[in-house]
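Here the structure is laid out as structure tokens; the discussion comes afterwards.
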Amino acid sequence: MLRIAVCDDEENQLSQITLLLHAYLQSRPNLKGQVDAFLSGSALLAKTESTGSFDLYVLDILMPGLSGIDTARRLRALGDGGDIVYLTSSNDFAADSYDVQAFFYLLKPVEEAKLFQVLDKVVEKQNQRRSRAVLVATADGPRRILLEHIRYVERVGRCMRYYCTDGIVDSQTIRVSFREAAGPLLSDRRFCPCGASFVLNFQHVTGVSGQNTLEPLADVLGLTLADLMHCHDSRQKDDTPPVPLEDFFTMLRRQHTVDWHSVRTALLALSIALALWGIFACPGRLAVHWRTLSDGSLQADGWMSSLVIFPLFAGFEFLSLELWNNFEQTGYYRRWGEVNLFIIHAMSFGTPLTRLMRLVLDLLFFFCFGFLLPCCEAWLILLN
């Protein structure tokens, strides 16, 4: 069903537009729809907060209080992805309409045929979006899942677990990183990564309980709460301009962390290169253990073939990097397997202390699980 919200501060204009929208729905018998009328942007926002977003917003621009542009900005700040069509008597705001990704901009008085043509395009676009799907390889064979049915996705071990409106679907073992495997989802504006191994569909987010829930999210993203809420920071001076508005999903996709996957790949390549260098540069037996003599000099008393020791180094490097990768994918100290989403959010690195803890853990894994073995390989080559 197509849920339409129309907002205009003039009652006669509001009635005319509402009648046109009802006429459109009646002329399309295969399309079920509902039209809600509002005399102000604040009334429209209150309705969306209480009952959820609409599929289509038909807005006037010049209104007292919240203008049509400001109303749309509030909707976008809340993560609302509904299409917006402006009906206004002025063409001075066409550029502003692009800031909120408006679908169309029509001048009053609007012609019925032109409005119906625009509405047909809106319906076609939404039908295409509803039919978008992802193909998941499962143990029972390929399965097609509609994107709008996916609530969120998490990585469990080496599989991707899809939590859908009609149940849970587990993929087969993935051979790439979680972000790469989730690429088809992240290409859709409704989906956003929330951590190293979670992707959330904001279409199914019905609300946020309290501002405290947003503070850890803002901290993780490296934003102030004012940035996240798209409003003026009360701690700033009065003459300081408000924080520029930005698309909510674009902000969430900002990258503020090191790409440790690439770091691990580089470390493994370095270990393999050193192993090959050691095999060819130091053929035969190598001294792998030394003891100290009475005069302070070192004497080798342990030997091993270079064809054994260097492949062992490379193998241990691979295992340690894989262990590091598994710890990172499970959030370090989050328990393995299926975890309740609310517990995961509660344990997210949301405070400065826990962010510092994660930095320390990242550096610890880098030096102990990644950098140590290549250093041992290089030291062994130099000693021999």
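The values are calculated or read from the model by the stated rules, or taken from the named source; none is laboratory data. Everything numeric in this text was worked out from a predicted model, so none of it was measured. Virtual Cβ from ideal backbone geometry, glycine too; neighbours counted across all protein chains shown.
When restricted to residues that are buried (at least 18 other Cβ atoms within 10 Å of the Cβ) and either farther than 18 Å from residue 326 by Cβ or not aliphatic (A, V, I, L, M) (or both), the range 361-380 contains 6. Test residue 196 against the criterion of being out of contact with any helix residue (DSSP H, G or I) (no Cβ under 9 Å at 6 or more places or on another chain) and modelled with pLDDT of 55 or more, and give yes or no. Against the criterion (out of contact with any helix residue (DSSP H, G or I) (no Cβ under 9 Å at 6 or more places or on another chain) and modelled with pLDDT of 55 or more), residue 196 does not qualify.
Within the range 148-179, work out how many residues are over 16 Å from residue 199 (Cβ atoms) and either without any contact (Cβ under 8 Å) to a residue 24 or more places away in the chain or basic (Lys, Arg) (or both). The total comes to 5.
Restricting attention to the range 78-96, the residues that are under 26 Å from the mean Cα position of the chain (by Cα) and within 20 Å of residue 38 (Cα to Cα) total 6. Could you list, in sequence order, the residues of the range 170-180 that are crowded, with 18+ Cβ neighbours inside 10 Å and within 18 Å of residue 146 (Cβ to Cβ)? Hit for the range 170-180 is 171, nothing else. Name the residues in the range 315-360 that are at pLDDT 80 or above, closer than 27 Å to residue 160 by Cβ, surrounded by fewer than 17 Cβ atoms within 10 Å (Cβ to Cβ) and of a type outside the set (Asp, Glu), would you? If the condition is that a residue be at pLDDT 80 or above, closer than 27 Å to residue 160 by Cβ, surrounded by fewer than 17 Cβ atoms within 10 Å (Cβ to Cβ) and of a type outside the set (Asp, Glu), then 318, 319, 323 are the ones that fit.
Scanning the range 244-254 for residues that are modelled with pLDDT under 85, of a type in the set (Asp, Glu) and over 48 Å from the mean Cα position of the chain (by Cα) turns up nothing.
The residues of the range 2-20 that are touching a residue at least 40 places away in the same chain (Cβ under 8 Å) and either closer than 21 Å to residue 120 by Cβ or touching a Lys or Arg at 6+ places or on another chain (Cβ under 9 Å) (or both), listed by number, are 2, 3, 4, 5, 6, 13, 17, 20. For the residues 146, 135, 115, the requirement of being of a type outside the set (Asp, Glu) and either touching a Leu at 6+ places or on another chain (Cβ under 9 Å) or crowded, with 18+ Cβ neighbours inside 10 Å (or both) singles out 115. Quick check: anything in the range 124-147 within 22 Å of residue 10 (Cα to Cα) and either hydroxyl-bearing (Ser, Thr, Tyr) or free of Cβ contacts under 8 Å to residues at least 60 places away in the same chain (or both)? No.
Does residue 41 satisfy the condition of being closer than 19 Å to residue 115 by Cβ and of a type in the set (Gly, Ala, Ser)? In short, no. For the subset of the range 288-314 comprising residues that are of a type in the set (A, V, I, L, M, F, W, C) and at pLDDT below 75, which member is surrounded by the most Cβ atoms within 10 Å (Cβ to Cβ)? Ranking the candidates gives 288 first. Among the candidates 179, 175, 155, 143, the residue that is of a type in the set (Lys, Arg) and part of a loop (DSSP other than H, G, I, E, B) is uniquely 175. When residue 19 is tested against (1) modelled with pLDDT of 90 or more; (2) touching a helix residue (DSSP H, G or I) at 6+ places or on another chain (Cβ under 6 Å), exactly one condition is not met: (2). Filtered by the rule that a residue be outside any loop (DSSP other than H, G, I, E, B), closer than 27 Å to residue 205 by Cβ and in contact (Cβ under 8 Å) with a residue 24 or more places away in the chain, the range 91-118 gives 96, 97, 99.
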